[in-house]
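Colleague: The structure's right below; bear with me while I get my questions together.
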Amino acid sequence: MLIKSHNKHDCTESEVTDYSIYVKRRQFIEASARSLGLAAIAPSLLLSACSDAATENAAKGISNSDQPRDELTPYEDVTSYNNFYEFGLDKSDPAKLAKNFKVKPWSVRVEGAVEKPGVYDLEDLLKGLPQEERIYRLRCVEAWSMVIPWNGFALADLIKKLKPTSAAKYVQFETLYDPQQMPGQKGRALDWPYVEGLRLDEATHPLAFMATGLYGKELPGQNGAPLRLVVPWKYGFKSIKSIVAIRFTEKQPATSWNIANPGEYGFYANVNPKVSHPRWTQRKERRIGEFLKRPTLPFNGYGDQVASLYQGMDLKRYF
Amino acid sequence: MPAFFIKQIKPICFFLCCLPLVYLAVLFATDQLGANPIERITRFSGDWALRMILITLVATPLQRGLGAVWPFRIRRMIGLFSFFYVSLHLSSYVVLDQFFDWREIFDDLIKRPFIMAGMAAFVLLIPLAVTSTKKMMRRLGKRWKQLHRMIYLIAALGVLHYFLLIKAGWAEPAIYLLVYLVLMLLRVPVIARRVR
Ligand code: HEM
């Protein structure tokens, strides 16, 4: 299931094809929102019931009874259980150590095979990009998962604005390097700064998202403020946080976990229950807040929309 | 050492060894285990299993260094607590984490080096726990000591298990390794004589 919300101009409620599905969606969203005291943002979530292919599949996903339901992971959990090694190795570290993380002013360096390189002030970078809310599953490579309502914009829109040249085949992102603010960078757990990358067609896929907020609030430091990537069909470590550089490249760029351990983390890192991590299975995952594990879906359940990106590729080899 | 301490060493030790469990129970009761309580319990019990095993290894150098017998009077108790925390750790994995999914558990056992090392350590601990009574000690005589030297191997497997399961940032298991190496060095006759 994917609940995807377009910006309000894109769709109207009348576009919804199947009323019963819509009602189910609405009940689901209302229930989740209510239980989380989300009354304030519920109306905008409801507007998300528009009918493009993705949403229809999503809605079908909900009514499909043999797949366990997706419910929003509480804000509290989303913001207290984080893998963000820049702020410490323990998952409770980032929430403590990122409290005073300074995100203003924030600039992003755009470089490489692109027509509009330069150092952008974050506000300038985001100017004119349509804001959206999207509810995505997040599947960590460590076999746990969450459902998070993000606020932000489609990565494709940003890329369109920056105009990569025809030489650009990949895009690389880089996290802030600032050991003063990010004490985890004083240790050598990974090669700092953290870098991640996507193939350009992955990056411009409509599901690829850049988040500046969650639950209708500003992105907290521990979740990657002020700007982070969200690629819902890939393991969480691809969704790089606190981005300070975007680089368009011709060759496949380096990615941090792949550098750290190429046998365990590939460039693609698509969620795939058939390819185990050498140290644990990926067949199942624990949804935060649930006791029993649930089966992990190929591409984290977004296969309908993204599998075509990998046609003809051996996903066991390109893990 | 104050006389009271030495006299009451066993109940004091018992009380101290229970503290991690009590702390875990308090975290549970007050809903402070965080977003992923199962992971927290597994890791917490794993940490204390390894710490207890290493504390067991302190008894001999301490007894030598202080020239006192009291460390020996609590050695078996700490050893049994080690077994208790390892059992808790294993139960947490089998019951909470995998919920008796034997297929997954079996798969882990044959495929994941870190599980193999942990399991080997657990299995080797069983004969030590079984023979930890005074009666067994007497019955086995010299062989008891030989058998219980296996704790050196078990501790090494525990540290190895930790190294194998970590994704990045080897600082924590490295600390345990260091402690282990120091405790083993203190047993080398030349060094042991000097410490005495
Ligand atoms: C003497 C035996 C063992 C010792 C000393 C031990 C110790 C540890 C330690 C120190 C940790 C890391 C905790 C942390 O990250 O803070 C750990 C984690 C873990 N151990 Fe063990 N362990 C033992 C046996 C086992 C056995 C028999 C199993 C299962 C068959 C097991 C499964 C695990 C699992 C699943 C984790 C968690 C990994 C993770 O959360 O990423 N261990 N153990």
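The values are calculated or read from the model by the stated rules, or taken from the named source; none is laboratory data. In this text, all values refer to a predicted model and were calculated from it rather than measured experimentally. Cβ atoms come from the backbone with ideal geometry, glycine included; neighbour counts cover every protein chain shown. Each accessible area value is taken on the protein alone, full model and side chains, heavy atoms only, with ligands, DNA and RNA left out. Shrake-Rupley method; radii C 1.70, N 1.55, O 1.52, S 1.80 Å.
Colleague: For the pair residue B:33/residue B:185, report the inter-label distance in nm, with labels modelled 7 Å from Cα in the Cβ direction.
Modeller: 3.9 nm
Colleague: For residue B:100 and residue B:21, compute 0.36 nm times the residue count separating them, minus their Cα-Cα distance, and round to one decimal in nm.
Modeller: Residue separation times 0.36 nm, minus the Cα-Cα distance, leaves 26.1 nm.
Colleague: How much accessible area does residue A:205 have with a 1.4 Å probe, in Å² rounded to the nearest 10?
Modeller: 20 Å²
Colleague: Between residue A:250 and residue A:290, how many nm apart are label points set 7 Å from Cα along the C-beta direction?
Modeller: 4.7 nm
Colleague: Here's a follow-up. Would you mind classifying segment A:61-126 by shape? Square roots of the alpha carbon gyration tensor eigenvalues, ordered a ≥ b ≥ c; an a/c under 1.5 is rounded, otherwise it is prolate if a/b is larger than b/c and oblate if not.
Modeller: Numbers: a/c = 2.84, a/b = 1.46, b/c = 1.94.
In terms of gyration-tensor shape, oblate.
Colleague: Could you give the dipole magnitude of chain B about its Cα centre, charging the beta-carbon of Lys and Arg +1 and that of Asp and Glu -1, in debye to the nearest 20?
Modeller: 1700 debye
Colleague: For a 19 Å ceiling on Cα separation, which of these pairs sit above it: A:99/A:241; A:169/A:241; A:91/B:167; A:96/A:284?
Modeller: From the list (A:99/A:241; A:169/A:241; A:91/B:167; A:96/A:284), the Cα-Cα distance tops 19 Å for A:169/A:241; A:96/A:284.
Colleague: Still on this model: So for segment A:92-167, Kirkwood radius off the Cα pairs, Stokes-Einstein at 20 °C and 1.002 mPa s: how many µm² s⁻¹?
Modeller: Translational D for this selection: 140 µm²/s.
Colleague: Right, something else. Roughly how big is the protein assembly as shown's charge dipole about its Cα centre, with Cβ charges of +1 (Lys, Arg) and -1 (Asp, Glu), in debye to the nearest 20?
Modeller: On the way: 68 positive and 46 negative charges, 776 e Å.
Using Cβ point charges on Lys, Arg, Asp and Glu, the protein assembly as shown gives about 3720 debye.
Colleague: Taking Rh as the Kirkwood radius, which is the inverse of the mean 1/r over Cα pairs, what is the Rg/Rh value for segment B:1-83? Don't skip to the answer; put the middle values down first.
Modeller: Details: Rg = 15.3 Å, Rh = 14.1 Å.
Reported Rg/Rh, Kirkwood definition of Rh: 1.08.
Colleague: Test of the criteria: in segment A:115-224, which trypsin sites (Lys or Arg not before Pro) are in a DSSP loop and have at most 16 other Cβ atoms within 10 angstrom of their Cβ?
Modeller: Those that pass, being in a loop and sparsely packed, are A:127, A:169, A:188.
Colleague: Need the list of aspartates and glutamates near residue A:116 for cross-linking: C-alpha distance under 15 angstrom, and skip anything on the same chain fewer than eight residues off.
Modeller: Within the straight-line cut-off, residue A:116 pairs with A:124, A:157.
Colleague: Might you report the magnitude of the Cβ-based charge dipole of segment A:72-310 about its Cα centre, with Lys and Arg at +1 and Asp and Glu at -1, to the nearest 20 debye?
Modeller: Magnitude of the dipole: close to 440 debye.
Colleague: Another question, then. Would you be so kind as to identify all helices of chain B, as entire DSSP H runs, whose Cα atoms reach 20 Å or more along the helix's own axis and whose mean Kyte-Doolittle hydropathy is at least 1.6?
Modeller: Membrane-span-like by this rule: B:9-29, B:113-130, B:150-165, B:171-185.
Colleague: Can you flag which of A:127/A:186; A:274/B:111; A:127/A:251 are past 23 Å Cα-Cα?
Modeller: Long pairs (Cα-Cα over 23 Å): A:127/A:186; A:127/A:251.
Colleague: To make sure I understand the rule: partners must be lysines, Cα under 21 Å from the Cα of residue B:145, and not fewer than 8 residues away in the same chain. Which ones qualify?
Modeller: By straight Cα distance, residue B:145 reaches B:134, B:135.
Colleague: Here is a follow-up. What share of Cα pairs, in percent, lie more than 17 angstrom apart in segment B:111-171?
Modeller: 47 percent
Colleague: Here's a follow-up. Which stretch or stretches of segment B:32-65 have amide N atoms under 19 Å from the point lying 7 Å from residue B:91's Cα along the Cα→Cβ direction?
Modeller: B:33, B:37-53
Colleague: Against the globular-protein guess of 2.2 N^0.38 Å, express the Cα radius of gyration of segment A:72-310 as a ratio, rounded to two decimals.
Modeller: On the way: Rg = 16.7 Å, N = 239, 2.2 N^0.38 = 17.6 Å.
Rg over 2.2 N^0.38 Å, computed on Cα atoms: 0.95.
Colleague: Same structure, new question: Say the dipole of segment A:72-310 comes from +1 at the beta carbon of Lys and Arg and -1 at that of Asp and Glu; which of A:282, A:211, A:184 then lies farthest toward its positive end?
Modeller: A:282
Colleague: Calculate one ³J(HN,Hα) per residue across segment A:305-314 by plugging θ = phi - 60° into the Karplus curve 6.51 cos²θ - 1.76 cosθ + 1.60, and present them in order as whole Hz with x for glycine and proline.
Modeller: 9, 10, 4, 5, 5, 10, 4, x, 9, 7
Colleague: May I pose another question? From the C-alpha gyration tensor of the protein assembly as shown, pull out the three semi-axes of the equivalent ellipsoid (sqrt of 5λ each), sorted largest to smallest, in whole Å.
Modeller: One finds semi-axes of 50, 25, 21 Å for the protein assembly as shown.
Colleague: What value, in deg cm²/dmol to 500, does the helix sum -39500 (n - 2.57) over DSSP H runs of n ≥ 4 give at 222 nm once divided by the residues of the protein assembly as shown?
Modeller: Helices in the protein assembly as shown give a 222 nm mean residue ellipticity of -13000 deg cm²/dmol.
Colleague: Roughly how many percent of the accessible protein surface of segment B:47-152 is carbon and sulfur, given a 1.4 Å probe and a whole-percent answer?
Modeller: Using a 1.4 Å probe with all protein chains present, segment B:47-152 comes out at 69 percent carbon and sulfur.
Colleague: In nm, to one decimal, how far is the modelled label at residue A:304 from the one at residue A:180, with both set 7 Å along Cα→Cβ?
Modeller: 5.0 nm
Colleague: For residue A:136, list long-range residues whose amide hydrogen, built 1.01 Å from N in the peptide plane, is under 5 Å from its own amide hydrogen.
Modeller: Sorted by chain and number, the residues that satisfy this are A:148, A:150.
Colleague: Same structure, new question: How much accessible surface does residue B:144 have with a 1.4 Å probe, in Å² rounded to 10?
Modeller: 20 Å²
Colleague: Moving to a separate point now. Go ahead and run the numbers for FRET between residue A:201 and residue B:120, Cβ-Cβ distance against an R0 of 45 Å, rounding to 0.05.
Modeller: Efficiency computed from Cβ-Cβ geometry: 0.45.
Colleague: With the Cα gyration tensor of chain B giving a ≥ b ≥ c as the square roots of its eigenvalues, does the rule (a/c under 1.5 for rounded; else a/b larger than b/c for prolate; else oblate) give rounded, prolate or oblate? Can you show the working numbers first?
Modeller: On the way: a/c = 1.70, a/b = 1.47, b/c = 1.16.
In terms of gyration-tensor shape, prolate.
Colleague: Pairs of Cα atoms under 8 Å, at least six residues apart: use those to get the relative contact order of chain B, whole percent.
Modeller: On the way: 161 pairs, mean separation 43.2, N = 196.
Taking the mean separation of contacting Cα pairs over the length of chain B, I get 22 percent.
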